[in-house]
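Peer 1: My questions will all concern the structure given below.
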Amino acid sequence: MRHTLTHVPQFYVTAPQPCPYLHGRAERKLFTALHPGNAQELNNALSRQGFRRSQNVLYRPSCESCVACMSARIRVKDFKPSRTQRRVANRNADLSRLATSAWATEEQFELFRRYLDGRHADGGMADMDIFEFAAMIEETPVRTRIIEYRGNDILPSVDPDAAHSLADPNLAAVCLTDVLDDGLSLVYSFFDTRLSARSLGTHIILDHVELARESGLPYVYLGYWVPGSRKMDYKSRFGALEIYKGGVWQDIGDPADHSDEAHPLAVDPIVEQVARIDLP
């Protein structure tokens with residue numbers, strides 16, 4: 001099924017499929033392709049309207065009877081870490097950050113597989129091979145970086161794989177990051193599950209806030225926050241958090257205030273949603 005504006009780009013909608021975040025619901029996505037000619041401008045404009053990038057596609061949830069998925073971003077100038085988050089930053093002070101071009105390596109793939117096996121063995125990415133992983137990293141027509149986090153002797157010495165599974169210094173975490181005109185967008189991140197005590201997922205976000213601050217960028221985009229989903233609860237723990245709801249960015253306030261469900265008749269038709277998209 002296709003819905004188009006009077007000019008490019010063209011927008012499409014996926015067929016409904018089981019929602020990965022809320023049991024018993026179905027998800028549907030509105031999406032458009034990224035082309036080299038205006039990819040960066042389109043990524044900038046649509047990211048500000050709740051879209052996310054996956055390889056050469058920009059998408060946004062457009063479910064038939066639910067509006068639970070809301071894009072979330074941190075307002076960098078107002079962000080202050082909590083006491084727990086400060087402890088996480090101190091715990092990982094021995095890690096170094098390395099930003100490189102979006103190029104996949106076997107070392108990254110090994111860490112990615114370990115992460116999936118430990119955290120998402122039954123998820124949609126569970127069967128990804130190294131070629132699909134490389135496509136996820138490298139197929140990007142926009143400004144994208146790989147952010148690696150490394151440290152010396154950070155793996156448990158009792159781990160029989162520690163001596164040969166990873167390079168030195170050890171690769172602890174990786175984040176695929178888009179550079180937007182108004183912020184950094186965390187496309188996908190993964191880490192070594194053997195280092196769970198370090199709370200590396202939180203550290204990646206905290207470090208991206210600092211990286212955005214250093215770069216003079218006002219926002220860090222975290223992807224979708226879904227009230228009622230345990231997988232997404234961690235995002236609401238960050239201060240200065242905004243969500244894209246009702247076509248505008250707003251402070252999240254009390255997360256419990258966003259737990260209401262939309263009636264099917266309250267969800268706007270696809271053609272009306274597309275007509276309201278502001279294109280560059």
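Peer 1: Whether any residue in the stretch 43-57 is within 17 Å of P227 (Cα to Cα) and not aromatic (F, W, Y) is what I want to check.
Peer 2: Yes, the stretch 43-57 has at least one match.
Peer 1: Do we find that L98 is outside any loop (DSSP other than H, G, I, E, B), touching an Asp or Glu at 6+ places or on another chain (Cβ under 7 Å) and surrounded by 15 or more Cβ atoms within 10 Å (Cβ to Cβ) in this structure?
Peer 2: Numbers: outside any loop (DSSP other than H, G, I, E, B): yes; touching an Asp or Glu at 6+ places or on another chain (Cβ under 7 Å): yes; surrounded by 15 or more Cβ atoms within 10 Å (Cβ to Cβ): no.
For L98, the condition - outside any loop (DSSP other than H, G, I, E, B), touching an Asp or Glu at 6+ places or on another chain (Cβ under 7 Å) and surrounded by 15 or more Cβ atoms within 10 Å (Cβ to Cβ) - is not met.
Peer 1: Sticking with this one: Does at least one position in the stretch 252-262 carry a residue that is surrounded by 19 or more Cβ atoms within 10 Å (Cβ to Cβ), within 17 Å of the chain's Cα centre (by Cα) and modelled with pLDDT of 95 or more?
Peer 2: no
Peer 1: Which numbered condition trips up Y219, out of (1) surrounded by fewer than 19 Cβ atoms within 10 Å (Cβ to Cβ); (2) within 22 Å of D78 (Cα to Cα); (3) not polar (S, T, N, Q)?
Peer 2: Checking Y219 against (1) surrounded by fewer than 19 Cβ atoms within 10 Å (Cβ to Cβ); (2) within 22 Å of D78 (Cα to Cα); (3) not polar (S, T, N, Q), the one that fails is (1).
Peer 1: So how many residues does the stretch 64-84 have that are within 23 Å of R230 (Cβ to Cβ) and within 19 Å of the chain's Cα centre (by Cα)? Before the answer, list the steps.
Peer 2: Of the stretch 64-84, the ones within 23 Å of R230 (Cβ to Cβ) are 65-74, 81-84.
Those still in the list that are within 19 Å of the chain's Cα centre (by Cα) too: 67-74.
Counting residues in the stretch 64-84 that are within 23 Å of R230 (Cβ to Cβ) and within 19 Å of the chain's Cα centre (by Cα) gives 8.
Peer 1: I'm checking my understanding of the structure. Among residues of the stretch 226-247 that are modelled with pLDDT under 95 and hydrophobic (A, V, I, L, M, F, W, C), which one is farthest from S189 (Cα to Cα)?
Peer 2: Only one residue tops the list, namely V226.
Peer 1: Name the single residue, out of those in the stretch 101-124 being exposed (fewer than 15 other Cβ atoms within 10 Å of the Cβ) and among the small types (G, A, S), that is nearest to I154 (Cα to Cα).
Peer 2: Only one residue tops the list, namely G118.
Peer 1: Here is a follow-up. Tell me, which residue of the stretch 125-141 that is more than 17 Å from the chain's Cα centre (by Cα) and at pLDDT below 90 is surrounded by the fewest Cβ atoms within 10 Å (Cβ to Cβ)?
Peer 2: Applying the filter and picking the extreme gives D127.
Peer 1: Starting from residues that are modelled with pLDDT of 90 or more and out of contact with any Lys or Arg (no Cβ under 7 Å at 6 or more places or on another chain), keep the ones in the stretch 153-181 and report whichever is surrounded by the most Cβ atoms within 10 Å (Cβ to Cβ). Outline the logic, then answer.
Peer 2: The initial filter retains those residues of the stretch 153-181 that are modelled with pLDDT of 90 or more, namely 170-181.
Now drop any that are not out of contact with any Lys or Arg (no Cβ under 7 Å at 6 or more places or on another chain), which leaves 173-176, 180-181.
Working: A173: 25, V174: 28, C175: 25, L176: 22, L180: 22, D181: 13.
Here the residue is V174.
Peer 1: Can I ask one more? Restricting to the stretch 8-26, give me the number of residues that are buried (at least 17 other Cβ atoms within 10 Å of the Cβ) and under 20 Å from the mean Cα position of the chain (by Cα).
Peer 2: Count: 3.
Peer 1: Could you name every one of the strands (runs of 3 or more DSSP E) located completely within the stretch 30-82 that has at least 1 residues being within 19 Å of A135 (Cβ to Cβ)? Give the steps one after another, and end with the answer.
Peer 2: Values: elements: 52-54, 57-61, 70-75.
In the stretch 30-82, the matching strands (runs of 3 or more DSSP E) lie at 52-54, 57-61.
Peer 1: Does G228 meet the test of being surrounded by 14 or more Cβ atoms within 10 Å (Cβ to Cβ), assigned by TED's automatic domain parsing to the domain that holds C69, part of a loop (DSSP other than H, G, I, E, B) and out of contact with any helix residue (DSSP H, G or I) (no Cβ under 6 Å at 6 or more places or on another chain)? Please lay out each step first, then the result.
Peer 2: Values: surrounded by 14 or more Cβ atoms within 10 Å (Cβ to Cβ): yes; assigned by TED's automatic domain parsing to the domain that holds C69: yes; part of a loop (DSSP other than H, G, I, E, B): yes; out of contact with any helix residue (DSSP H, G or I) (no Cβ under 6 Å at 6 or more places or on another chain): yes.
So G228 passes the test.
Peer 1: Oh, and also: Looking only at residues in the stretch 202-216 that are among the β-branched types (V, I, T) and touching a residue at least 60 places away in the same chain (Cβ under 8 Å), which one is farthest from V76 (Cα to Cα)?
Peer 2: Within the stretch 202-216, the subset among the β-branched types (V, I, T) is 202, 204-205, 209.
Checking which are touching a residue at least 60 places away in the same chain (Cβ under 8 Å) leaves us with 202, 205, 209.
Numbers: T202: 15, I205: 11, V209: 6 Å.
Taking the candidates together, the pick is T202.
The values are calculated or read from the model by the stated rules, or taken from the named source; none is laboratory data. Here the structure is a predicted model, which means the values were calculated and not measured. Positions of Cβ are backbone-derived with ideal geometry, glycine not excepted, and every protein chain shown enters the neighbour counts.
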